[in-house]
1. At pLDDT 90 or above, under 20 Å from the mean Cα position of the chain (by Cα) and within 13 Å of the ligand (Cβ to nearest atom): does that describe residue 53?
2. Could you go through the range 139-149 and let me know if any residue there is more than 9 Å from the ligand (Cβ to nearest atom), of a type in the set (Val, Ile, Thr) and surrounded by fewer than 17 Cβ atoms within 10 Å (Cβ to Cβ).
3. Being assigned to a loop (DSSP other than H, G, I, E, B) and in contact with a Phe, Trp or Tyr (Cβ under 9 Å, 6 or more places away or on another chain) is the filter here, so list the residues in the range 326-340 that pass it.
4. Here are some conditions: (1) within 30 Å of residue 264 (Cβ to Cβ); (2) at pLDDT 95 or above; (3) buried (at least 24 other Cβ atoms within 10 Å of the Cβ). Residue 396 meets all but one. Which one does it not meet?
5. Go through the range 175-211 and report how many residues are farther than 30 Å from residue 276 by Cβ and of a type outside the set (Ser, Thr, Tyr).
6. Inside the range 64-106, can you point out the residues that are assigned to a helix (DSSP H, G or I) and surrounded by 18 or more Cβ atoms within 10 Å (Cβ to Cβ)?
7. Based on this model, can you work out whether residue 209 counts as crowded, with 18+ Cβ neighbours inside 10 Å, within 16 Å of the ligand (Cβ to nearest atom) and over 23 Å from residue 54 (Cβ atoms)?
8. Among the residues of the range 311-328, is there at least one that is over 19 Å from residue 190 (Cβ atoms), surrounded by fewer than 22 Cβ atoms within 10 Å (Cβ to Cβ) and β-branched (Val, Ile, Thr)?
Amino acid sequence: MNYFDFVIVGSGPAGLGAAFTLVQKKPGASILILDSEKYSTGGLRNDCKMNFTFPVGFPLDIWNRDDADHYLELVKQILKPAILGKSNLKIYQKRASRLGVELVNIQQTHLGTDGGLELIKDLLAALQEKGASLALGERMTGIDPDRKCITTDRRDITYGNLLVAPGRKGFRFLQQVMDSLKVAYVDHIVDIGIRIETKAEYYPIVKDYYDPKFHFPGKVRTFCTNSGDAHVVQEKYTTVHGERYYSVNGHAYSSKRDGNGLVNFAMLKTVRLTEPLVSGQQFAENLGIQAMLMGGGKPLMQRVGDFRLAKRSKMESFNDDLYHFKPTLQACPGDLSLAMPSKILRAIWKSMKQLDTIVPGVLHPSTIMYYPEIKLYANKPRFLDYHFKVYDSVYFAGDGAGTSRGITGAWASGIRAADGMLK
Ligand SMILES: Cc1cc2nc3c(=O)[nH]c(=O)nc-3n(C[C@H](O)[C@H](O)[C@H](O)COP(=O)(O)OP(=O)(O)OC[C@H]3O[C@@H](n4cnc5c(N)ncnc54)[C@H](O)[C@@H]3O)c2cc1C
């Protein structure tokens, strides 16, 4: 039997935020960081653009500005970010406000997928130097709270305090843990949308503002913009019935690399479900599977030019002279309007037209819309205190637990949970 004063499940930013706090404030304590992946650590591996301004990345039912600012300061002390400059902000903001759209001014850094890997190596080395133990490639499988013991695919581990921070991919796993602990939860909010890919010249704002955060009426927003050497990717998810579906996403390598001249970003609509359907996860899974059905097991993609003419995209649409760049993800050419709920599609298309007024060009016929992009960070457990305690000596943090929606929010929520464990 292994015992640790603190066991942290998940080595993403939430887990790391907790680990750094614990090694700093409780030197000498035994700390184990566990991750099912062989290579650490969670979402820092992807693009690694970090936003240091409330409310980006902070669910508003859990965070207010003062608390977020306090914890963001602590995150900055660990990460020492080099904030990117912006230009022409006022011009874009003025155009946006005429349409009732807000362009939020966010402090950002961008390391890129390659830069993120370097950061991870440095962070893990620093933690190990301070005495934390790391177990990569080891998956938590269950919990016995009475014995203060978790099981993994290798052993039983007892804990003084436990933080479970398994990220979005661990969304379902966290629900199993909550069922074991009899923690009440809802997951009635979900973000559904598309990812846009276009030439950088059709979305030139990225030269002025790396990841511009537009908030449109109708709960639509731009999210996770990547440029320079930017790529659209797919993430695999499995439903409760074992069916597979993909959600698209995007990342870029650091600006040190030669670019591919493309930009990608998500247009997401937040959907809040009410009775009788209250599970965002079930809703999202159904949409994901519907998209797989239409795309022969792949996400869908459609050129804006085809969408405007109400015709599906075909392989030819991806070779024509007007459609003059290749998609970075080999998705299936198709018809988004056959796969997407009308309310979501209409809200996003309206916002796209507004965006095209603010940054003219983004609706060029060659622009590609990929579907689906699904964000499942809306598990809402019943927390027992300010520090995300859910059970005696058990805490949750990060995107999977709905305490964050991005890297810095996850760091902040991990630190907030660690403060609770130290009390
Ligand atoms: C392609 C892509 C690009 C992104 N780009 C950005 C970006 O540029 N900026 C930004 O702010 N956010 C970005 N995000 C989102 C960001 O990655 C997340 O918001 C953030 O990583 C959440 O942190 P977390 O610690 O909650 O979870 P994660 O980072 O997902 O970490 C959770 C960890 O837990 C592990 N785990 C899960 N289940 C178990 C288990 N049962 N046992 C042991 N370990 C387990 C996982 O392997 C994982 O390493 C991106 C995400 C993706 C997929």
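The values are calculated or read from the model by the stated rules, or taken from the named source; none is laboratory data. Computed from a prediction, not measured in an experiment: that's the story for all the values here. As a convention, Cβ positions derive from the backbone with ideal geometry for all residues, glycine included, and neighbour counts pool all protein chains shown.
1. Judged against the criteria, residue 53 is a match.
2. For the range 139-149, residues more than 9 Å from the ligand (Cβ to nearest atom), of a type in the set (Val, Ile, Thr) and surrounded by fewer than 17 Cβ atoms within 10 Å (Cβ to Cβ): absent.
3. Residues satisfying the conditions are 326, 327, 329, 331, 334, 335, 340.
4. (1)
5. Total meeting the criteria: 12.
6. The answer is 68, 71, 72, 74, 75, 79, 92, 96.
7. Taking the combined requirement at face value, the residue does not satisfy it.
8. So far as the range 311-328 goes, yes, one or more of its residues are over 19 Å from residue 190 (Cβ atoms), surrounded by fewer than 22 Cβ atoms within 10 Å (Cβ to Cβ) and β-branched (Val, Ile, Thr).
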